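What follows draws every value from the coordinates through simple rules; no lab data is involved. Please read these numbers as outputs of a predicted model, since none were measured by experiment. Here Cβ is always computed from backbone atoms with ideal geometry, including for glycine, and neighbour counts include all displayed protein chains.
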Amino acid sequence: MTALIRHAKTEGNLKKKYIGITDEPIISGTRADKKYPEADIVISSPMRRCIETAELIYPGIKPKIYDGLAETNFGKFENRSYDDLKDDPLYKEWLASSGTLPFPGGESSEAFRKRCVEAYNKAVSDHPGKRLAFVVHGGTIMAVMSYIFGGGFYDYHTDNLCGFEFEQGEGTYKRIK
């Protein structure tokens, strides 16, 4: 079993900001009130919001950190909202490209997806036969899920503290809601 779970909400999420490399904590008092899949190994992005969420969902299991699972670098859009950016010509151009252009001063979608998939594959190969819970970012989940199951990147958007669960090599998944 493998689970990909998005971190708990941060202040930036509440304000609908692009939060990638900004290392925010989760909102104080957050509770994980869903039933999450059991895990032998918990794997996390190096970002504080993921580590805190991993410790919340899987207390007693120290998360293993894989740097390549970090969220994308949004460059000039980092820590800014749509309202902050809507009149910016670079932002308009990026939106018109359906997100295929690199973030100005940041990461390209191709480089981001490649980095995430490589880190995911390394984590899986490092822990054969184990039940793995990845506590990561929305973008990381979309990159990995579209790599494994095909379809569009945004087909796998998920809310905070939600995600996907699947068996390696079986070709099907279910949502964690």
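Report relative contact order for region 95-171 in percent, whole number only (criteria: Cα-Cα under 8 Å, sequence separation at least 6). Don't jump to the answer; show the numbers that get you there.
Working: 40 pairs, mean separation 16.7, N = 77.
Across region 95-171, relative contact order equals 22 percent.
From the Cα trace of the chain, what convex hull volume per residue do you get, rounded to a whole Å³? Kindly include the intermediate steps, with their values, before the conclusion.
On the way: hull volume 18.5 nm³, N = 177.
Normalising the Cα hull of the chain by residue number yields 105 Å³.
Give me the distance in nm between label points sitting 7 Å out from Cα along the Cα-to-Cβ direction at T172 and K64, one decimal.
In this crude spin-label approximation the distance works out to 2.8 nm.
Once you keep just the Cα pairs under 8 angstrom separated by 6 or more residues, what percentage relative contact order results for the chain? All intermediate terms of the calculation are to be shown ahead of the outcome.
Numbers: 339 pairs, mean separation 58.9, N = 177.
The normalised contact order for the chain reaches 33 percent.
With runs of 4+ DSSP H residues as the only contributors, calculate the mean residue ellipticity of the chain at 222 nm using -39,500 (n - 2.57) per run, divided by the residue total and rounded to the nearest 500. Don't jump to the answer; show the numbers that get you there.
On the way: 6 runs with 56 residues, N = 177.
My calculation for the chain gives -9000 deg cm²/dmol from helical runs alone.
Show me the trypsin sites (Lys or Arg not before Pro) within region 50-143 that DSSP assigns to loop and that have at most 10 other Cβ atoms within 10 Å of their Cβ. Mind showing how you got there, number by number?
Details: sites: K64, K76, R80, K86, K92, R113, K114, R115, K122, K130, R131; in loops: R80, K86, K130, R131.
Passing both the DSSP loop test and the Cβ count: K86.
Can you work out the FRET efficiency for the pair D84 and D159, with r the C-beta to C-beta distance and R0 = 22 Å, to the nearest 0.05?
Details: r = 23 Å, r/R0 = 1.02.
Approximately 0.45, to the nearest 0.05.
Loop only by DSSP, 13 or fewer other Cβ within 10 Å of the Cβ. Give me the GluC sites (Glu not before Pro) in region 72-177 that pass, ordered by residue number.
The qualifying sites are E167, E170.
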